[in-house]
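Since every read-out is calculated from the coordinates, none of them should be taken as a lab result. Remember, it's a predicted structure, so these values are computed and weren't measured experimentally. Reconstructed Cβ throughout: ideal geometry from the backbone, glycine too, with neighbour counts over all protein chains shown.
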Amino acid sequence: MVNIDDYIHQFPPEIQEKLRSVRETIREASPEATEGLSFGMPVFRLNGKRLLYFAAHTNHIGLYALPSGHLAFKEELKGYKQGKGSVQFPYGQPLPLELIGRIAEFRTEEERQRAKGKSKK
């Protein structure tokens, strides 16, 4: 795999559609972020720092917004199965794209603030 397009194309069409929706939602929420692959999953980065990952699994799309993204939205995510720094969106349910977008915006702003604070030192 070379890029996110290659990653997406390895899945059945209905999963590809979901992955493209997640990708586009994150792009819209964080247009200055760069895309890549890390740990075999699509990742978005800002200032070289990871904002979030997403991935297709057997029964769900996983979103990995690192612990801070999940903690900030824990009430809204409580209806989904979670792990440390991960949340699972089952294929049989509509993707919460608006929520995913807000999580991406949160992580983007968090990274902007971190970078701003770092540049003042």
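Being part of a helix (DSSP H, G or I), surrounded by 14 or more Cβ atoms within 10 Å (Cβ to Cβ) and touching a residue at least 12 places away in the same chain (Cβ under 8 Å) is the requirement here; does PHE106 meet it?
Working: part of a helix (DSSP H, G or I): yes; surrounded by 14 or more Cβ atoms within 10 Å (Cβ to Cβ): yes; touching a residue at least 12 places away in the same chain (Cβ under 8 Å): yes.
Yes; evaluated as a whole, the condition is true for this residue.
Looking only at region 61-87, filter to residues that are in a strand (DSSP E or B) and in contact with a Leu (Cβ under 8 Å, 6 or more places away or on another chain); which one of those is nearest to ILE15 (Cα to Cα)?
The first filter runs over region 61-87 and keeps only residues in a strand (DSSP E or B), leaving 61-64, 82-83, 86-87.
Those left that are additionally in contact with a Leu (Cβ under 8 Å, 6 or more places away or on another chain): 61, 63-64, 86-87.
On the way: ILE61: 9, LEU63: 14, TYR64: 18, SER86: 19, VAL87: 17 Å.
Step by step, filter region 61-87, then rank; the result is ILE61.
Need pairs with beta-carbon distance below 6 Å; first residue under 14 Å from LEU95 (Cβ atoms) and within region 9-23, second aromatic (Phe, Trp, Tyr) and surrounded by 16 or more Cβ atoms within 10 Å (Cβ to Cβ); sequence gap 6+ or separate chains.
Correct list of pairs: VAL22/PHE54.
Which residues, taken from region 18-60, are charged (D, E, K, R) and over 16 Å from THR108 (Cβ atoms)?
LYS18, ARG20
Could you go through region 15-32 and let me know if any residue there is touching a strand residue (DSSP E or B) at 6+ places or on another chain (Cβ under 6 Å), of a type in the set (A, V, I, L, M, F, W, C) and outside any helix (DSSP H, G or I).
No, because not a single residue in region 15-32 is touching a strand residue (DSSP E or B) at 6+ places or on another chain (Cβ under 6 Å), of a type in the set (A, V, I, L, M, F, W, C) and outside any helix (DSSP H, G or I).
Quick one: is ASN59 over 14 Å from the mean Cα position of the chain (by Cα) and on the phi > 0 side of the Ramachandran plot? Full working, then the answer.
Details: over 14 Å from the mean Cα position of the chain (by Cα): yes; on the phi > 0 side of the Ramachandran plot: no.
Taking the combined requirement at face value, the residue does not satisfy it.
Among the listed residues LEU77, LEU52, identify the single one that is without any contact (Cβ under 8 Å) to a residue 40 or more places away in the chain and surrounded by 15 or more Cβ atoms within 10 Å (Cβ to Cβ). Step through it out loud before you land on a result.
Values: LEU52 fails: without any contact (Cβ under 8 Å) to a residue 40 or more places away in the chain.
Matching residue, one of LEU77, LEU52: LEU77.
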